[in-house]
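What follows is calculated from the coordinates using simple rules that are stated; it is not laboratory data. None of these values were measured; they are calculated from a predicted model. We place every Cβ from the backbone using ideal geometry, glycine too, and count neighbours over all the protein chains shown.
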Amino acid sequence: MKSLFNFLFILLALSCNSEVEEKSYPASDTEANNSINLPPVSSYFPEDKTQVLVVGVFHFNYPGLDEYKTSEEDQVDVLKEPKRSEMTALVEYIQRFKPNKIAIEANPCWNATEKLREYKAGEHRDKRDERYQLAMRIAANMNLDTLYEVNAYSLRSELGKTDSLTLKKLTSGMS
């Protein structure tokens, strides 16, 4: 639940605009004449804004999890030319952003950081999986030592364990 709170707090922090008009509010209705002036919201956030690059791709190994199902004759192989060179160009392009953290779509039990260590040792290079072909290549090239797993299923599972009533309210009416 702590990681969920941190994630939501970060999202809130990233979505705030410091140019919003700042107002102060009375502490209570009875103290309307003796208002407490609160510091502006922007004072809680640093001047430098965090930059985030979001990259979305299809599942390179076609496990059938994408909304759109690619027919077999239209599937591409990212390990063979010309797609292999295109992957390299994409990796180089993303690296120009100079990422210092990388989050991938995976459940925590996937152990992304352990797989990154294995990747750096030469394993998993032949996997048709976007996590290896993009995220791990970039992480290895940028000398990062951690990959962060994020997944809506993980969030739902964690919230279900810690606050099932809130989860039920949030997901009511969803299929």
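Converting phi to 3J(HN,Hα) with the Karplus coefficients 6.51, -1.76 and 1.60 and the offset θ = phi - 60°, the range 64-72 yields x, 9, 6, 4, 8, 8, 7, 5, 4 Hz in sequence order, with x at every glycine or proline.
Computed from phi, the 3J(HN,Hα) profile of the range 40-54 under the Karplus parametrisation 6.51, -1.76, 1.60 (θ = phi - 60°) reads x, 4, 4, 5, 8, 10, x, 4, 6, 8, 6, 9, 10, 10, 10 Hz, with x in place of Gly and Pro.
The range 40-107: which trypsin sites (Lys or Arg not before Pro) are DSSP loop and have at most 16 other beta-carbon atoms within 10 angstrom? Walk me through the numbers before you get to the answer.
Working: sites: Lys49, Lys69, Lys80, Lys83, Arg84, Arg96, Lys101; in loops: Lys49, Lys69, Lys80, Arg96, Lys101.
The qualifying sites are Lys49, Lys69, Lys80, Arg96, Lys101.
Among Glu67, Glu130, sorting on how many other beta-carbon atoms sit within 10 Å of each Cβ, with the fewest leading, yields Glu67, Glu130. For the range 82-135, chymotrypsin sites (Phe, Trp or Tyr not before Pro) meeting the loop criterion (DSSP other than H, G, I, E, B) and having at most 13 other Cβ atoms within 10 Å: Phe97.
Summarising the amide proton neighbourhood of Glu149: residues at separation of 5 or more, or on other chains, whose placed amide H is nearer than 5 Å comprise Ile104.
Each label point was placed 7 Å from the Cα along the Cα-to-Cβ direction; for Glu81 and Ser172 their separation is 6.0 nm.
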